Amino acid sequence: MSTWEVVIGLETHAQLNTKSKIFSGSSIAFGAEPNTQANVVDIALPGVLPVLNKEAVQCAIRFGLAVNAEIASRSVFARKNYFYPDLPKGYQISQYELPVVGKGALTIQVGDSEKTINITRAHLEEDAGKSVHGASPGQSGIDLNRAGTPLLEIVTEPDMRSAAEAVAYARKLHELVQWINICDGNMQEGSFRCDVNVSVRRKGDEKLGTRREIKNLNSFRFMQQAIEYETRWQIETLEDGGKIEQATVLFNPDTGETRAMRSKEEANDYRYFPDPDLLPVAISAEDIDAIRVTLPELPSAMKVRFEREYGLSAYDAAALTASRGIADYFTAALVAFGGEAKLVANWVMGNVSAKLNEESREIADAPVSPELLAGLLKRIADNTVSSKIAKDVFEAMWSGEGDADAIIERKGLKQVTDTGAIEAIVDEVLAANAAMVAEFRAGKDKAFNALVGQAMKASKGKANPAQVNEILKRKLAG
Amino acid sequence: MINHSLKHLAGMLAGKEISSVELTQEYLNRIARFNPEINAYITVDPELSLAQARAADQRLANGDAGPLTGIPIAQKDIFCAKGWKTTCGSKMLETFIAPYDAGVIERFNAAGAVSLGKTNMDEFAMGSSNETSYYGKVQNPWDRTRVPGGSSGGSAAAVAARLCAAATGTDTGGSIRQPASLCGLSGLKPTYGLASRYGMIAFASSLDQAGPMAHSCEDMALMMNVMTGFDERDSTSLQREKEDYTRDLGKPLAGLRVGLPKEYFAEGLDTGVAKVVEAAVEEYRKLGAEIVEVSLPNTMLSIPVYYVLAPAEASSNLSRYDGVRFGHRAAEYDDLMDMYCKSRAEGFGAEVKRRILIGTYVLSAGYYDAYYLKAQQIRRLIAEDFARAFEQCDLILGPTAPSTAFKAGEKADDPVSMYLQDIYTIAVNLAGLPGMSIPAGFATVADGTALPVGLQVIGNYFDEARMLNAGHAYQQVTDWHTRMPEGIA
């Protein structure tokens, strides 16, 4: 029985998908030859000055609106001073006392329950460059293409109480920044990376334990593993009578362990002060309204609407708004189908999601378009095919064999609804399975299902199951 | 020719009395003759200069000339100029050839002005005597044993010794006005934000401002017309309509209210300087100005405030000189930290290091509120002093520097005494106001030498045209600005 509680807060860096860098006109495209996207400003030649890219501020405001946060009418860029070879100016332009986005919140779904994670702040800053080791023997290289890439650092309160909650928050945030189109969410390329602050305390304690910060997690799986390992390590350390020292740690995916990279004593004094090269950013209510109208319907609002308009459960509505791609797919399929939303929901969350997972595909790349799916759902709704046969049709559509009608036609999968034909099949089944009939009559209800199964099998699955049931019941009673 | 005004030279060029190549060559010859001793220039590149002169002559021939086309000027070595070595007076940038033009340089290039070279300066503009330059001290043309002031000491000496027709300077706490005063020429620091800081190597970003150094206010007005204007690459550059700074020249001064801050005529002001300034004020009275006493009670706090804020910004601005991408890198080092330490220890001089240390200290955790924040608060009080004063007057007059030029080495080991050189000029930078120094006479010092004294004219924001006219009116009735040191003919 654990008497311990883990307390988790996240700092997430989302790379903003602006066209150019936050303080210079250089491109931020990923993967270019080293230093080909670094101009005089990015390499910090003597005399150069930063000019704020307003697009980055707009992205921050979009985010602020999406998490229902306070947006500062006046915010200030500050210099964070430290020396590092990939930091060309010897300081990073960030925000310190007055960030663009203040307190907000994001609601996550953990299992069947909801939880609100409070967001402390979100501030704009520039990314550093990259040190390249091993390119030439005995020397390190510096690639400044990434230097000056706009980042939004999103900081939460220590509101999460398990690795699962932390991952649920990170996933939700990951979907949200893509949903509102401020970040491409590409974790392999580092467009979305999380630092996780973890501490443990005895259940019931008010005071937070000493935290260690796991840096730069760029996969949800690693995040889960890292938090679980770190939590165990901290609990074991304390139970062994040890003390947790505040530190920054790195997660090693190969060993599944975290390891301290620097302690608090070695921490820099960043000597923040307002950057005199940049004016304070003024954001008016009109500016905010102008951006508000460009925002898409947010997932939280869409979820509520799905529940209300379509009568979907909270669980279904949450699943269908888990990403912009799923929501768009569902909506398009529903429009093309024109029938019951629950059927669409079941198919999107069921067969479609299963195939995507199986093939590790994004929903945008699904071979079965929402319109194709709708074509199949129509044939389920009008009893042309049974749900069971529909799965075969779906598989065929997935393999690119055409639309539902063409497949049903070509493969002869049309459901048999002719009562005479079904009666004939049922008669055959009853005749061939006298033992089962006897069992049923002796009170074994299970035998009835077996007989239905036999009838369906005899019809090669094409008989309408409801009719089979009805006819069988009638004949057995008779 | 070396004593002609810019307007006159432009007329000669337009009238084909002389070509820009000839004029440029004349100045290059003078530089070759006098610069080895005066040391006003760090870099001279006759080929680059003459190429510009030839292009200017072409423009003159095509009838495509502006007021400065073909005029040879000197650029302070703080401005990045494409293809020119740009050192900022530091060993750190001894090998740095700028790959781009500063906004101010672009404007002079577009105007067709000819650059004679890059002038000497205190290292990273930190100093008031030009003695902190890695490239050697500069002689004051009026007395070669004395300093020209700083940090724009090279530009001041170059103008005073007629080694250029005019020059650019930059002023963070007095670096245009104090050397102008010590070398007997006119210098103007515009309202913060009028001249682009893009490509001007930063010392203290919130205070740095470029301006002209020339013989007369009329010359400075022509320089201002070229060098000011909005630059989208500098976020602190002001987006305003283009002004003609010559527009008020010749207007009568009758009714002009001139304020004399009582704090500027108190203890610490050299009596010889005081006499000259008082005489100049009297001249203004004669020109029709009304003299009123004003008070700037927080002026005396400007030096401590400045020596918190300027080093704080400098400590951060100078972090980019780390030996990684450009500039000086130590020849041998053990690891990254050692490379940083050795490169910066070798590349920076003592005064720069002192200010980096002060700046790092005042920004440190636990000291920020007591120093940086407090200094920012007092900075506002200082600006409010001026706002109140300008309710009573149109311009403020006073001394530029507390003394005339001092001997080389005299204050080099006494930083506080050196810092006091800027007691009357620093507040203007802290408030972001325009300030100007014009020659107002000479004071004879203990050894019998007569040395120039500058009169400081402080205006309200964007009042440069009015200031230049006030200076011009004075220069119409006096001839201090036309005086020439001996031994440079």
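The values are calculated or read from the model by the stated rules, or taken from the named source; none is laboratory data. Given the structure is predicted, the values throughout are model-derived calculations rather than measurements. Backbone-built Cβ (ideal geometry, glycine too); neighbour counts: all protein chains shown. The area values use the complete protein model at the heavy-atom level, side chains included, leaving out ligands, DNA and RNA. Shrake-Rupley method; radii C 1.70, N 1.55, O 1.52, S 1.80 Å.
Listing for the model above:
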quantity	calculated
Segment B:215-275, relative contact order in percent, only Cα pairs under 8 angstrom and at least six apart counted	25 percent
Segment A:4-290 - percent relative contact order, Cα under 8 Å, separation 6 or more	24 percent
Cα gyration tensor shape for the protein assembly as shown, rounded if a/c is under 1.5, else prolate or oblate	prolate
Given 11 as the ceiling on other Cβ atoms within 10 Å, longest exposed-site-free region of chain A for trypsin sites (Lys or Arg not before Pro) in DSSP loops	A:244-459
Phi to ³J(HN,Hα) by Karplus 6.51 cos²θ - 1.76 cosθ + 1.60 over segment A:229-241, Hz, x for Gly, Pro	5, 4, 4, 4, 4, 5, 5, 4, 4, 5, 5, 7, x
Spatially proximal aspartates and glutamates relative to A:K203 (Cα-Cα < 12 Å; intrachain offsets below 8 disregarded)	A:E5
Nonlocal amide H pairs with B:G117, under 5 Å, H built at 1.01 Å	B:Q75
Relative contact order of segment A:297-411, defined on C-alpha pairs under 8 angstrom at six or more residues apart (%)	21 percent
Amide H contacts under 5 Å for A:I117, placed H, 5+ residues apart	A:L106, A:T107, A:I108
Sites matching GluC sites (Glu not before Pro) across segment A:89-142 that sit in DSSP coil, with at most 14 neighbouring C-beta atoms within 10 Å	A:E97
Loop-located GluC sites (Glu not before Pro) in segment A:192-247 whose Cβ has at most 14 other Cβ within 10 Å (DSSP)	A:E206, A:E245
Between segment B:397-436 and segment A:428-478, the Cα center-to-center distance that results, in Å	108 Å
Low-density loop positions, chymotrypsin sites (Phe, Trp or Tyr not before Pro), segment B:369-450 - DSSP coil, at most 16 other Cβ in 10 Å	none
Amide proton proximity set for A:A78, modelled H, under 5 Å, gap of 5+	A:S94, A:Q95, A:Y96, A:D275
For chain B, the longest site-free run once trypsin sites (Lys or Arg not before Pro) in DSSP loop states with at most 11 other Cβ atoms within 10 Å are removed	B:243-489
Mean-position separation - Cα centroids, segment A:49-127 and segment A:234-289, in angstrom	14 Å
Selected from A:F83, A:V110, A:H133, residue furthest toward positive end of dipole (segment A:45-154; charges at beta carbon)	A:F83
Estimated [θ] at 222 nm from DSSP helical runs (n ≥ 4, -39500 (n - 2.57)) normalised by residues in chain A, nearest 500	-12000 deg cm²/dmol
Backbone HN-Hα couplings from phi across segment A:379-391 [Karplus 6.51/-1.76/1.60, Hz, Gly and Pro as x]	6, 6, 5, 9, 6, 5, 10, 7, 4, 5, 4, 4, 5
Radius 15 Å from Cβ of B:K7, net charge of other residues (Lys, Arg +1; Asp, Glu -1)	-3
Threshold 10 Å² - residues in segment A:81-101 whose accessible area is reduced by that much or more when the chain is no longer isolated, probe 1.4 Å	A:N81, A:F83, A:Y84, A:P85, A:P88, A:K89, A:G90, A:Y91, A:E97
Out-of-range pairs (alpha-carbon distance over 23 Å; input B:K85/B:K411; A:K130/B:K353; B:K189/B:K407; A:K411/A:K457)	B:K85/B:K411; A:K130/B:K353; B:K189/B:K407
Dipole moment magnitude, nearest 20 debye, the protein assembly as shown about Cα centre, only Lys, Arg, Asp, Glu C-beta charged	1020 debye
Phi-based couplings in Hz for segment B:304-312 (Karplus 6.51, -1.76, 1.60; Gly and Pro marked x)	x, 5, 4, 7, 9, 5, 5, x, 4
Residues in segment B:99-114 that, when all protein chains are in place, have 40 Å² or more less accessible area than the chain alone would give (probe 1.4 Å)	B:Y100
Magnitude of the charge dipole, segment A:4-290, Cβ model with Lys/Arg +1 and Asp/Glu -1, debye to 20	160 debye
